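Here the structure is laid out as structure tokens; the discussion comes afterwards.
The values are calculated or read from the model by the stated rules, or taken from the named source; none is laboratory data. Keep in mind that this is a model prediction, so the values were computed, not measured. Every residue, glycine among them, receives a Cβ derived from its backbone with ideal geometry; neighbour counts consider all protein chains shown.
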Amino acid sequence: MSAPETAANVDDEVAGLLRQADQRYTTGRRRLVTVLQNGAGPLTITQILDADGSLAQSSVYRNLTILEEVGAVTRIITRDDFARYELAEHLTEHHHHLICSSCGDVADFSLDAATEAELDRALHRAAARVGFDIDAHRLDLVGVCSACPTGGAG
């Protein structure tokens with residue numbers, strides 16, 4: 001599936017996913033999707049609430065669970081106690097994550113097409129050796145970010 005390019009397309013896709021699960025695309029869910037779409041990367045619940053003060057914390061938790069269950073949102077778990085959330089890749093674009101093991105920050109990164117194709121081939125070869133059939137891949141690089149005291153030393 002190609003990535004939608006506009007907010008309206010994302011809304012249509014999310015509405016369809018919710019409809020398939022007999023759920024409605026409520027105003028609160030739409031606002032939550034907008035926050036995730038406008039975020040600079042995966043967001044914590046605190047960051048979501050800061051981005052849209054009209055969202056109630058209890059409904060954000062509940063709606064994130066439903067959006068995750070229908071495949072519209074992906075949850076990223078880091079070493080800290082705060083999960084981060086982003087729109088599912090099929091609603092945005094293929095990307096990977098840099099996860100800081102010190103502060104828990106998560107940043108998105110993409111590879112150029114040639115490197116992505118080479119990585120995909122290598123992953124398929126590795127999976128084939130153990131009889132595993134890959135549908136897709138997600139790559140999380142774990143280390144220390146440059147903002148942390150032990151990070152950025154190269």
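Among the residues of segment 95-107, those identified as over 12 Å from the mean Cα position of the chain (by Cα), within 29 Å of residue 30 (Cβ to Cβ) and in a loop (DSSP other than H, G, I, E, B) are 104, 105. In segment 36-94, the qualifying residues are those that are in a helix (DSSP H, G or I) and within 9 Å of the chain's Cα centre (by Cα), and the one that is farthest from residue 13 (Cα to Cα) is 36.
Total residues in segment 72-93 satisfying the condition of being surrounded by fewer than 16 Cβ atoms within 10 Å (Cβ to Cβ) and in contact with a helix residue (DSSP H, G or I) (Cβ under 7 Å, 6 or more places away or on another chain): the figure is 1. Checking each residue in segment 9-35 for being acidic (Asp, Glu) and in a helix (DSSP H, G or I) picks out 11, 12, 13.
Taken over segment 44-64, the residue count meeting the criterion of being of a type in the set (Ser, Thr, Tyr) and within 11 Å of residue 29 (Cβ to Cβ) is 1.
A residue that is of a type outside the set (Asp, Glu) and at pLDDT below 95 occurs nowhere in segment 13-24.
Would you check which residues across segment 2-36 are more than 20 Å from residue 58 (Cβ to Cβ) and crowded, with 16+ Cβ neighbours inside 10 Å and list them? Reasoning before the result, please.
In the first step, residues of segment 2-36 are kept if they are more than 20 Å from residue 58 (Cβ to Cβ); the result is 2-17, 19-22.
Within segment 2-36, 4, 10, 11, 13, 14, 15, 17 meet the criteria.
Pick from segment 108-146 the residues that are outside any helix (DSSP H, G or I) and of a type in the set (Val, Ile, Thr): which of them is farthest from residue 79 (Cα to Cα)? Selected residue: 130. Taken over segment 100-122, the criterion of being of a type outside the set (Asp, Glu) and surrounded by 14 or more Cβ atoms within 10 Å (Cβ to Cβ) is satisfied by 100, 101, 102, 103, 104, 106, 107, 111, 119. Identify the residue in segment 123-140 that is surrounded by fewer than 11 Cβ atoms within 10 Å (Cβ to Cβ) and either charged (D, E, K, R) or modelled with pLDDT of 90 or more (or both) and, among all such residues, is nearest to the chain's Cα centre (by Cα). The qualifying residue nearest to the chain's Cα centre (by Cα) is 135.
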